[in-house]
1. What residue, among those in region 55-68 that are in a helix (DSSP H, G or I) and not small (Gly, Ala, Ser), is surrounded by the fewest Cβ atoms within 10 Å (Cβ to Cβ)?
2. Based on this model, can you work out whether residue 52 counts as exposed (fewer than 15 other Cβ atoms within 10 Å of the Cβ), modelled with pLDDT of 90 or more and not aliphatic (A, V, I, L, M)?
3. Taking region 1-40 on its own, how many of its residues are surrounded by 13 or more Cβ atoms within 10 Å (Cβ to Cβ) and either out of contact with any Asp or Glu (no Cβ under 9 Å at 6 or more places or on another chain) or in a helix (DSSP H, G or I) (or both)?
4. List every residue pair whose Cβ atoms sit under 6 Å apart, with the two residues 6 or more apart in sequence or on different chains, where the first one lies in region 28-40 and is within 12 Å of residue 51 (Cβ to Cβ) and the second, anywhere, is exposed (fewer than 14 other Cβ atoms within 10 Å of the Cβ).
Amino acid sequence: MILYTTVPQELIFPADASSYSNQKMVTFNGVPLMVEQNERGYRVLRVLSSDPSHFLDRSYEPGQYIQM
C-alpha cells in the first residue's frame, strides 16, 4: 500500500507507548543523547547534539553501549 500524504508516518501508524518506556535523554561527556537502558548498560539510540563533530565520534553512534 502506498500513501501519498504530507502527514508524518508516526501519526498514521502510531507506535505502542510501552516501547518508549525504557528511553531517556542523558548527557554523556557533554553530548546530549537519547538512550535505552537494558542489562548491559545504556544503548545509544540517537545523538541530540547540534555539534557536527559529535556525529562523527564513533563512541556515540547509535547501537553503541555506554556506561554511566
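The values are calculated or read from the model by the stated rules, or taken from the named source; none is laboratory data. Since this is a predicted model, take the numbers as computed values, not measurements. Cβ: placed from backbone, ideal geometry, glycine included. Neighbour counts: every protein chain shown.
1. Taking region 55-68 as the starting set, the residues that turn out to be in a helix (DSSP H, G or I) are 55-56, 58-60.
Then keep just the ones that are not small (Gly, Ala, Ser); that gives 55-56, 58, 60.
Details: 55: 12, 56: 9, 58: 6, 60: 18.
Looking at the filtered set, the residue picked out is 58.
2. On the way: exposed (fewer than 15 other Cβ atoms within 10 Å of the Cβ): yes; modelled with pLDDT of 90 or more: yes; not aliphatic (A, V, I, L, M): yes.
Spelling it out, residue 52 is indeed exposed (fewer than 15 other Cβ atoms within 10 Å of the Cβ), modelled with pLDDT of 90 or more and not aliphatic (A, V, I, L, M).
3. Step one: filter region 1-40 for residues surrounded by 13 or more Cβ atoms within 10 Å (Cβ to Cβ), giving 22-24, 26, 28, 31-37.
Now drop any that are not either out of contact with any Asp or Glu (no Cβ under 9 Å at 6 or more places or on another chain) or in a helix (DSSP H, G or I) (or both), which leaves 26, 28, 32-37.
Selection size over region 1-40: 8.
4. Every condition considered, the pairs that remain are 32/48.
Here's the yes/no breakdown for (1) among the charged types (D, E, K, R); (2) over 16 Å from the mean Cα position of the chain (by Cα):
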| position | (1), (2) |
| --- | --- |
| 9 | no, yes |
| 14 | no, yes |
| 19 | no, no |
| 23 | no, no |
| 26 | no, no |
| 35 | no, no |
| 40 | yes, yes |
| 43 | yes, no |
